1. Please state the relative contact order of chain B as a whole percent: Cα pairs under 8 Å, 6+ residues apart?
2. To the nearest 0.05, how large is the calculated FRET efficiency for B:PHE258 and C:GLN44 if R₀ is 45 Å and r is the Cβ-Cβ distance?
3. Tell me the chymotrypsin sites (Phe, Trp or Tyr not before Pro) within the stretch C:291-342 that lie in a loop according to DSSP and have at most 14 other beta-carbon atoms within 10 Å.
4. Going through the stretch B:106-180, which chymotrypsin sites (Phe, Trp or Tyr not before Pro) have at most 15 other Cβ atoms within 10 Å and a DSSP loop state?
5. According to a simple spin-label model (label point 7 Å from Cα along Cα-to-Cβ), what is the distance in nm between C:ALA240 and A:SER199?
6. With 22 Å as the limit, write out which pairs from C:LYS118/C:LYS330; C:LYS207/C:LYS232; B:LYS31/B:LYS105 have Cα-Cα distances beyond it, or answer none.
7. Taking H placed 1.01 Å from N in the peptide plane, check which residues at least 5 places from A:VAL155 or on another chain put their amide H under 5 Å from its amide H.
8. Local charge sum around A:VAL220 (other residues, Cβ-Cβ under 11 Å, Lys/Arg +1, Asp/Glu -1)?
Amino acid sequence: MAIKPEAQSKVSLERHGLTDEQLVAILRTMLMQRTLENRGFQLNRQGKIPFASASEGHEAVQAGAAMAFERGKDILVPYYRDLGLALGIGLTPYEVLLSLFARAADHSAGRQFPHHYASRRLGLHTISSIIAAQLPHAVGAAFALQYSGETGRAVLTTFGDGATSEGEWHESVNFAAVHTLPIVFLCENNEWAISTPLSKQMGQPDVFKRAEGYGLPGGVVDGMDPIACYAAVGAAMQRARSGGGPTLVEAKCYRFLSHTTDDDDRTYRSPDEVQARRKDDPVPCFERLLVERAVLNAEQVEALKRGVLEETNDATDRAEAMAYPDAADLYEKVYAEGWEPWTV
Amino acid sequence: MAMEGLRPIAEIQFADFIYPSFNQIVGEAAKIRYRSNGEYTCPLVIRTPYGGGVRGALSHSVSIEALFYHVPGLKIVAPSFPDDVKGLLNAAIDDPDPVLFLEHKKTYRLIKGEVPDGHYTIPLGKANVRKAGTQLTVVSYGLYLHWALEAAQRLQEENVSVEVIDLRSIRPMDKTAILTSVQKTRKLLIVHEDNKFGGIGAEISAMVAEEALFSLDSPIRRLCGPDVPSMGYALPLEEEFMSSPAEMADAMRAMVKF
Amino acid sequence: MATTDLRTGSLERHGLSDEQLRDMFRNMLLQRQLDNRGFQLNRQGKVPFALGSEGHEALQAGAAMAFNRGRDILAPYYRDLGLCLGIGLSPFEILLSIFARAEDHNGGRQFPNHYSSKAAGLMSFSSILAAHLPHAVGAAFAIAYRGETGRAVLATCGDGTTSEGEWHESMNFAAVHKLPFVMLVENNEWAISTPLAKQMAQPEIWKRAAGYGMPGRRFNGFDPIETYAAVKEAMDRARAGEGPTLVEGTCYRYLAHSTDDNDLTYRTREVVQERRKDDPVPAFEAVLLEHGIVTPEGVAAMRKDVLRETNEATDAAEALPYPEPTDLYKHVYEGAWEPWQS
């Protein structure tokens with residue numbers, strides 16, 4: 001199912017039912033993710049924001065998975081490297097910039113780290129920095145769907161390879177399997193958990209092989225191929241929505257940048273290694289594929305990129321111009337009412 | 001489940017087994033509202049039997065409240081009477097925030113009382129003066145509240161008047177009830193089974209010292225569990241850990257005489 | 001692997017001598033006797049609590065035979081009476097634990113059946129499920145870190161524990177670091193009141209091994225010889241530096257979880273009765289008789305001896321004192337127990 005543009009002819013483009021418009025939308029999400037991400041790093045290096053995290057190399061899996069998400073119905077419980085997934089289900093670049101700048105109008109009102117989004121409107125659960133902490137929430141949301149007798153809805157939850165070593169990962173996958181919950185576990189295996197390589201994370205390199213031990217289906221997909229990711233996640237989501245139970249999908253991708261602006265990956269891996277993997281960079285690969293298959297022409301690609309940059313610039317300016325939260329906001333939303341531990 | 005509109009009531013048997021879920025309770029549930037600026041909430045109730053005196057040894061006897069009462073975003077309730085349990089549990093279920101609902105396991109079979117029919121709630125954060133008195137304020141909750149009441153009753157027969165406050169809620173905690181009582185009796189004894197160091201009594205002591213130091217006629221005293229990991233299984237170890245109505249009565253007499 | 005068939009009476013020794021087979025059988029008898037003694041003492045009002053392990057005798061006696069005393073480390077859970085007996089704990093020590101006497105290894109602090117013995121290589125464990133597994137993996141890491149060979153850690157747990165996060169974290173860590181570690185799951189189909197079907201979506205725990213990148217296998221835990229062979233193979237592999245193994249023994253819990261549990265609230269008497277047909281103690285006895293490894297008179301003498309030893313241990317332990325109240329304050333830290341320094 002993997003797409004290798006140079007090896008395939010035009011006729012062999014396996015669309016999995018995706019229209020030209022959807023294919024272009026996927027590419028646009030990928031371009032937007034990369035541009036916004038670079039914006040975060042730029043703003044950090046300019047001294048305008050203290051922190052940004054990176055997701056370069058995850059564009060294909062996230063744009064593809066987002067296309068399999070039904071807006072207004074499904075629930076997304078992501079982790080902090082899911083910029084493209086959040087964009088793909090409807091978060092705007094402006095909302096992303098509000099998060100980067102920690103403005104009052106941000107969904108967390110400037111409380112959370114960048115890229116820790118939440119949007120009730122989109123069904124996007126609030127994100128924790130704690131690895132695997134989101135998985136019990138995701139399973140709980142799936143349990144709520146099942147308990148309420150809702151059909152046609154499912155939960156998509158994501159995590160990196162490092163999260164699979166956490167106890168909460170195990171407990172969540174097992175619980176979902178026991179109760180046949182409507183949930184898809186999508187592992188974005190980028191081979192690095194900050195500085196821990198996959199070989200020090202697992203005794204064997206394939207996360208999907210754990211599925212059998214839990215009694216749920218598992219599959220692996222080329223995470224550099226957005227169409228394959230869409231197809232795999234889409235099939236799993238459809239299975240979940242129709243009461244067929246959970247699935248574990250592993251998408252093999254790669255983390256091209258450091259973990260965050262606070263990390264220097266040269267202390268634990270060589271630039272050569274990263275450079276060698278750049279040949280699989282999903283953004284130019286998918287762009288080339290769509291041009292080769294005449295879904296887009298070169299001018300259209302340029303226009304797309306220009307549009308993405310303009311939108312990013314506009315979002316940056318607008319978000320930067322917004323106000324920080326008030327100091328008094330520190331005391332808001334501790335409880336439904338009041339923040340003090342004493343009642344008087 | 002709570003974040004998607006349900007009102008789950010989890011039970012963790014026993015409180016000693018709650019530690020693996022510490023991250024989800026402290027790091028997640030208590031912060032969901034805050035970190036999403038109110039877009040998401042976590043109205044979850046966690047019932048858990050705590051406390052000792054039942055030959056529960058090291059892993060079925062622990063009081064956990066001090067490990068959790070430090071946590072903003074979390075509420076903690078520790079009712080001691082059957083009617084309060086019903087009213088406070090209903091209130092905890094209705095509450096829009098996560099509530100840790102502590103049930104002292106020895107009181108399950110020990111304490112009997114009338115429970116009103118029908119639905120009713122008792123507000124969280126409101127203490128209850130279980131016995132009125134004038135010479136000493138005793139603040140307690142859980143099993144020890146019953147023993148403190150028993151001790152106070154004994155002292156009544158000696159014409160010593162002790163006021164006993166049933167805290168009911170640990171967070172939020174009823175400041176007014178404590179201060180009103182202390183300003184009347186001018187003496188404060190806090191009694192709890194949990195370890196003394198950094199326990200609930202430490203916070204109450206500090207609050208009263210900050211707000212009503214000059215109303216006091218004697219130093220504040222705490223009668224609490226000793227600072228050892230838990231009570232042992234062997235009877236003498238459990239008895240040594242646990243206080244008794246007689247010890248409480250002695251402490252009350254000493255304070256009244258001060 | 002060729003196995004003993006307890007129903008047809010075929011016997012595959014896996015190198016075990018007559019004497020070792022008799023030792024295993026005696027261990028099984030002793031475990032059952034001591035188990036029942038705990039329940040009796042509880043019903044007599046002499047002890048507040050006891051735990052049952054009936055149905056685990058074969059598995060534990062077999063696994064204990066694969067443990068090298070003085071070298072290996074055991075990280076068990078609270079249903080491992082027979083395993084602890086099998087690696088050298090005495091009935092007297094068991095009774096000290098049940099009676100919570102001062103002389104007990106834990107000074108009467110812990111629940112019954114929560115043993116520890118540094119001399120026997122038996123690590124202290126708590127009631128919290130899976131909490132001992134990070135300890136076990138840490139012990140295996142210590143062996144590997146020091147470059148010791150010929151030693152391994154045997155850790156055990158029930159089926160319920162496999163759902164705990166600490167189980168997973170321990171398994172994965174052991175696999176990543178190829179530690180000298182054997183995870184022996186005693187699958188008795190019940191986690192207190194939770195049946196296996198509500199514990200796992202597929203019933204075979206050994207299948208989780210592949211996901212960690214370690215070998216896994218399943219064996220009949222009602223057969224002490226097959227258990228011995230499976231656990232020995234895994235322990236030998238670990239001792240040779242070849243890494244961890246997950247071994248799953250199937251068995252059944254015949255009694256309630258503990259003296260505080262009434263299993264009739266969640267399973268029928270008939271279900272348990274049906275499974276009694278496979279009871280490993282009489283089944284192994286029949287095999288040994290059939291092959292002339294024991295005689296009926298020998299078995300009768302053995303039973304009598306086991307009862308005598310249990311009675312003596314009961315009387316001796318009961319006669320000993322409780323710990324002193326001041327013992328409550330000992331061993332909080334190496335030094336003083338109080339949180340204030342003056």
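Just so you know, all these numbers are worked out from the coordinates, no wet-lab data involved. Since this is a predicted model, take the numbers as computed values, not measurements. Glycine also receives a Cβ, built like all others from the backbone with ideal geometry; neighbour counts cover every protein chain displayed.
1. Numbers: 548 pairs, mean separation 49.0, N = 258.
This gives 19 percent for chain B.
2. Working: r = 48 Å, r/R0 = 1.07.
Efficiency computed from Cβ-Cβ geometry: 0.40.
3. Working: sites: C:TYR329, C:TYR333, C:TRP337, C:TRP340; in loops: C:TYR333, C:TRP337, C:TRP340.
When the chymotrypsin sites (Phe, Trp or Tyr not before Pro) of the stretch C:291-342 are filtered for loop state and at most 14 Cβ neighbours within 10 Å, C:TYR333, C:TRP337, C:TRP340 remain.
4. Working: sites: B:TYR108, B:TYR120, B:TYR141, B:TYR144, B:TRP147; in loops: B:TYR120, B:TYR141.
Taking the stretch B:106-180 and a limit of 15 other Cβ atoms within 10 Å, the loop chymotrypsin sites (Phe, Trp or Tyr not before Pro) found are B:TYR120.
5. With each label placed 7 Å out from Cα toward Cβ, I get 2.4 nm.
6. Numbers: C:LYS118/C:LYS330 18 Å; C:LYS207/C:LYS232 20 Å; B:LYS31/B:LYS105 29 Å.
Violating the 22 Å limit, Cα to Cα: B:LYS31/B:LYS105.
7. For A:VAL155, whose amide H was placed from the backbone, the distant partners under 5 Å are A:ILE75, A:ILE183, A:VAL184.
8. Details: positive: A:LYS209, A:LYS252; negative: A:ASP206, A:ASP222, A:GLU250.
Summing Lys and Arg as +1 and Asp and Glu as -1 gives -1.
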